[in-house]
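Written out below as structure tokens is the structure these notes cover.
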Number of protein chains: 2
Amino acid sequence: MALEVRARAPGKIILSGEHAVVHGFTAVAAAIDLHTYVYFRLHSTSDNDDGLVELELKDLGLVFSWPSQRLREMFSELGLPSKTCSPECLKVITSLVEELSFPEAKIGLSSGVSAFLYLYTSIIGYRPGKVRVTSDLPLGSGLGSSASFCVSVSAALLALSGAVCADNQQKGWFVMRENELELVNKWAFQGERIIHGKPSGIDNTVSTFGSMIMFRLSELTRLKSSGPIRMLITNTKVGRNTKALVAGVSERTQRHPDAMAAVFTAVDSISKELSDVIQSAAHDDVSITAKEEKLEELMEMNQGLLQCMGVSHASIETVLRTTLRYKLASKLTGAGGGGCVLTLLPTLLPSTIVDKVISELEACGFQCLKVEVGGKGLEVCFT
Amino acid sequence: MALEVRARAPGKIILSGEHAVVHGFTAVAAAIDLHTYVYFRLHSTSDNDDGLVELELKDLGLVFSWPSQRLREMFSELGLPSKTCSPECLKVITSLVEELSFPEAKIGLSSGVSAFLYLYTSIIGYRPGKVRVTSDLPLGSGLGSSASFCVSVSAALLALSGAVCADNQQKGWFVMRENELELVNKWAFQGERIIHGKPSGIDNTVSTFGSMIMFRLSELTRLKSSGPIRMLITNTKVGRNTKALVAGVSERTQRHPDAMAAVFTAVDSISKELSDVIQSAAHDDVSITAKEEKLEELMEMNQGLLQCMGVSHASIETVLRTTLRYKLASKLTGAGGGGCVLTLLPTLLPSTIVDKVISELEACGFQCLKVEVGGKGLEVCFT
């Protein structure tokens, strides 16, 4: 059995349908080629059982560790591993996490550490080991950083537990079998529940399976992009209060039920059209350009509808305005009220123009990330 | 019979529903307290019949005149007055107008002069007289300048023809009787047809009757505002091509029939809500503020839907952005693509803030007009 594994899982964007999805309408999410990377080393059984379970969040310069013996004592009465985190289990985890000290600005990390402790003890038990995490994804910006954390951690833990990839001899990065991905996805969802309370399950599913997903109520449909879509993600770095934004849209819906039902219906229709366009074949420049123009129009329409819901923000408008000057279509992605904005980068757009747009946006204090949308999901590597 | 009369007729704004109305959905228009003023003096019958029919557009420094004998000769075969302008009649008018020279920038005036010639000869005949026109309204900015021109000219001509106000002894400005207003409105509509080809009839109806009008297909419903609404109109001075904008929305509707049908349905619902809010009573600061907040939310929603239709413009976004900084709600009014933007000015908003907003907008090169919305329509004055 291997004692070392790496896993990488992508972040995600919402291509269309944010907010409307909360009210039962269709949305589309897609993987982006920005990843969370996990390295997991299980200490050999010859190591002392008194060893540590360690979590290193390398980008943040933070290391947390727990004597495995202590974890065994604290969790023993709960009868782990359990497929869901019971209130009793969460209580134990919370007490362990409360002992840690987080830098003031990183207080939100505690739920991620809680998720880690749950996944580790549930999948691996109390055997000492070390998990090191790095990520391309800005935290808490709606790009699915927590889901890609949960997916990559779950995958690494499951791989060394033998639950997945037991007979795998592949060299380099590879994609697990479908049923193994499904198992990883289930565990990752449990992690997401600890972090978010009532996650939709979209983020972890996109991170696990990659490509694109159309979702409505609890129904997920996996889509296949016929080619990569290039986008620019602009992180306004304006902190959002997702709950307040969602509540604001719900209140507006109560005040204007007919108008908002029609707005959501329009979004639903846009999401469906978008998924058709994404799946349509395009092989030459002419058809690719036509496809991109369709996507741009749908993005512009969706952005107008989001403004109608009242979730835009001055920082988002600044990005829209800047990219519009280059005739590029943009829309907010995620909850709005700040956060990230997507801009489609047409295939034939010269890189000099892309660089110009980026430097203008960066001059506003924003962070720009060039991504490919709809690519691979979770991958692991034993070598 | 009087030989002198004055008439003034207000401009209009579209409060909600522009573009959607073209596709059969509800819109709301309202009068604004910016007027076109007409002074009309009919030469006494003792004057030589060879006298002139004169039109002075005072703001533009333009005077046009025609020997009344010449008009008589040219129109005599057509059997005027006619209730609509026949193709033959339009041909005669066009040949008369083609003889005139307009300043390069004012070439669009020719259709207004054509409308004048039609109204004058149809209502007054060939008796010499002088019409002087001034206006508060910027031309061609979607504020109904042409309709208020047609209404005030028609009213003045009808008043001295004896068709309306024949027995009126009132001093100062007064409002005509309902059936007289209806007659003026019919003539004004004929003038609008010459200027616009296929006008909706909304602009002249609002200008004639004042207050607010809800309209859908050919059905007009007059609304009563329970109190004045203060707004700022910002004229971006960016020229619009209304036909191209309307065509663009229609093309988008063909490409995305389901989504756009839902968008129009949302607008329809907003227009109906708006008309309810406008008609609702509000007597103290609390209820007035609540009413204004409702209007602001509906304006914000409508603006998002207009962006979804693709008719916004960088200049409009600049206005939105500027007013948003003062927490004021704005929406484009009319065709979009430039033109004018409405901003609600809450009753309790200090005038120092209004002045600040205006000076910021004027610094962008825009023209700002403070107006009261939903006030009086056409008025005339004999003294």
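The values are calculated or read from the model by the stated rules, or taken from the named source; none is laboratory data. Values in this document were obtained by computation on a predicted structure and should not be read as measured data. Backbone-built Cβ (ideal geometry, glycine too); neighbour counts: all protein chains shown. The protein model used for the area step is the full one, side chains on, heavy atoms only, and it has no ligands, DNA or RNA in it. Shrake-Rupley method; radii C 1.70, N 1.55, O 1.52, S 1.80 Å.
B:Arg41 contributes an accessible area of around 90 Å² to the protein surface, as traced by a 1.4 Å probe with all chains present. Among the trypsin sites (Lys or Arg not before Pro) found in the range A:133-191, those both in a DSSP coil and sparsely packed, with 15 or fewer other Cβ atoms within 10 Å of their Cβ, are A:Lys171, A:Arg177. Candidate cross-link partners of B:Lys186 among the lysines, defined by an alpha-carbon separation under 18 Å and a same-chain spacing of 8 or more, comprise B:Lys12, B:Lys83, B:Lys198. In the range B:301-350, the residues whose accessible area drops by at least 40 square angstrom when the other protein chains are added to the isolated chain are B:Met301, B:Gln307, B:Cys308, B:Arg321; the probe is 1.4 Å and only protein heavy atoms count. A 1.4 Å probe over all protein chains sorts A:His313, B:His196 by accessible area into B:His196, A:His313, starting with the largest. Axis angle, to the nearest 10 degrees, between helix A:351-363 and the longest C-alpha principal axis of chain A: 70 degrees. Counting, for every residue in A:117-128, the Cβ atoms of other protein chains within 10 Å of its Cβ and taking the mean gives 0.
Is it possible to state the helix-based mean residue ellipticity at 222 nm for the protein assembly as shown, with each DSSP H run of 4+ residues giving -39500 (n - 2.57), the sum divided by total residues, to the nearest 500 deg cm²/dmol? What is it?
Value at 222 nm, helices only: -14000 deg cm²/dmol.
Using alpha carbons only, how many angstrom separate the centre of the range B:161-230 from the centre of the range A:83-119? About 70 Å separates the Cα centre of the range B:161-230 from the one of the range A:83-119. Of interest is the spacing of the C-alpha centroids, which for the range A:321-383 and the range B:232-297 amounts to 31 Å.
By a 1.4 Å probe calculation restricted to protein chains, A:Trp173 has an accessible surface near 90 Å², given to the nearest 10. What's the local net charge at B:Leu181, with K and R +1, D and E -1, over the other residues with C-beta under 14 Å away? After counting each charged neighbour, the total is +1.
Surface composition of the range B:229-373: carbon and sulfur make up 55 percent of the accessible area, probe 1.4 Å. Association of chains A and B removes close to 2200 square angstrom of accessible area from solvent, both sides included, for a probe radius of 1.4 Å. Average projection, convex hull of the Cα set of the range A:53-98: 3.8 square nanometres.
Relative to the present Cα-Cα distance, how much length would full extension add between B:Glu88 and B:Thr134 at 0.36 nm per residue of separation?
Result: 13.5 nm gained on full extension.
In the full protein context, the range B:229-373 carries 39 Å² of accessible surface per residue, based on a 1.4 Å probe and ignoring ligands, DNA and RNA. Where does the charge balance sit around A:Ser211 when Lys and Arg score +1, Asp and Glu -1, over other residues with C-beta under 9 Å from its C-beta? Cβ neighbours under 9 Å give a net charge of +3.
Report the local net charge at A:Leu298: Lys and Arg +1, Asp and Glu -1, summed over other residues whose C-beta lies under 14 Å from its C-beta. Once positives and negatives cancel, what remains is -4.
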